[in-house]
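None of the figures in this text is laboratory data; all of them are computed from the coordinates on show. All values reported here derive from a predicted model rather than from experimental measurement. Cβ: placed from backbone, ideal geometry, glycine included. Neighbour counts: every protein chain shown.
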Amino acid sequence: MKLKTLIFIVIATTFLALKSNANDSKKERFNKNKDLLLVQFDCKTDIDDLHSAAALAMLMADSNFSTINYHAVAGTYGTQGGLYVPPNDLFRLAFGDNWTDANQNFKLAVEKVMERVKNTLKNHGDIWIGEAGQSDFTAQLVKAVQADLPKINTLKRIHVVQHSDWNEKSTTPEDLQFVKENTSYQNIPDGNVVGNGSPGFHDSKFTNGPDKITNTKVKEIWMLAVKIANEYNGKEGRYSNEAVQAGGLDFSDLSEVCWILGLEDMKDVEQFFSRFSN
């Protein structure tokens, strides 16, 4: 190889690396001071959303995240069959009135969440959606934003994070395509797996984590989540979660939230509880 050619390759490689680092440094992040975090749970038919909701409440109780503007939505399912896992008692305990029931009335839920979304966007904040389920609800929410706030560029102002290929396949195809084309959409590595580049929150052997929680309210939330999950796991044809069946935990749908909040390097269930159980 000629020296000039070698020098050119080295310079080009260095330039690309610097450009990549510059882009990474400009990577958009959740702004605690003005952004809104929406966490949308399908609750059909896997009971992992119950554990994920408890883990969300646990995370939001931490002093580093307790001031975050967030809202939970239940019943944001797509085309999958099977029975719903009723989360209402848990969500009331975990989130008070800071959640919306899309299972009871989908259209009304979109309108209710839309009010929070509009307030955030008008105050120059972005919307970050942890897609703990399918994207049918997100599609209608984005369409509502485009209709009510036509000057808002949803491609730049609404961020959607998804961790599950199964969730994508269970979304109405045209809704998934619409969301991918009209939001800043990112599919991260599956939250059921440890060591794949995102937090792995599915563990059949971690059986006594909730017992170690020192916050009385958070512990109560976890105990109720475990109780309801055990009751509905595999019941009447619902999905049978093997980790929960073994007495473990599965809050894999919280991996998106961790990614959004800059906790993407968190390893697993044990590390999560070690950090947030006190």
| task | Give the relative contact order (percent, whole number) for the stretch 211-278; include only Cα pairs under 8 Å separated by 6+ residues. | result | 33 percent
| request: Mind giving me the FRET efficiency for Ala144 and Ala61? R0 is 35 Å, r the Cβ-Cβ distance, nearest 0.05 is fine. | output: 0.70
| task | Find the centroid of the Cα atoms in the stretch 203-273 and in the stretch 105-166, then give the distance between the two in whole Å. | result | 26 Å
| field | Note, ³J(HN,Hα) from phi for the stretch 57-67, Karplus 6.51, -1.76, 1.60, rounded to Hz, x at Gly and Pro | value | 4, 5, 5, 5, 7, 6, 4, 6, 10, 5, 9
| query | Can you pick out the pairs among Lys32/Lys118; Lys112/Lys219; Lys32/Lys169; Lys217/Lys267 whose Cα atoms lie more than 23 Å from each other? | reply | Lys112/Lys219; Lys32/Lys169; Lys217/Lys267
| query | Out of Phe106, Met223, Met266, whose Cα points farthest toward the positive end of the dipole of the chain (charges: +1 Lys, Arg; -1 Asp, Glu; placed on Cβ)? | reply | Met266
| request: Compute the length gained on full extension between Thr79 and Asn230: take 0.36 nm times their separation in residues and subtract their Cα-Cα distance, giving the result in nm to one decimal. | output: 51.9 nm
| Cα-only Debye scattering, the stretch 38-124: base-10 log of I(q)/I(0) at q = 0.16, 0.17, 0.21, 0.27 Å⁻¹ | -0.65, -0.73, -1.04, -1.40
| field | Simple spin-label estimate for Ser240 and Gln271 in nanometres, 7 Å along Cα-Cβ | value | 3.2 nm
| request: Report P(r) for the chain: all Cα-Cα distances, bin width 5 Å, range 0 to the bin holding the largest distance, values in whole percent. | output: 1, 6, 12, 17, 19, 16, 11, 7, 4, 3, 2, 2, 1, 0, 0
| Per 10 Å bin, what percent of the C-alpha pairs of the stretch 157-234 does each bin hold, from zero upward? | 15, 30, 31, 21, 2
| query | Where the only charges are on Cβ atoms (+1 Lys, Arg; -1 Asp, Glu), what is the dipole of the chain about its Cα centre, to the nearest 20 debye? | reply | 1180 debye
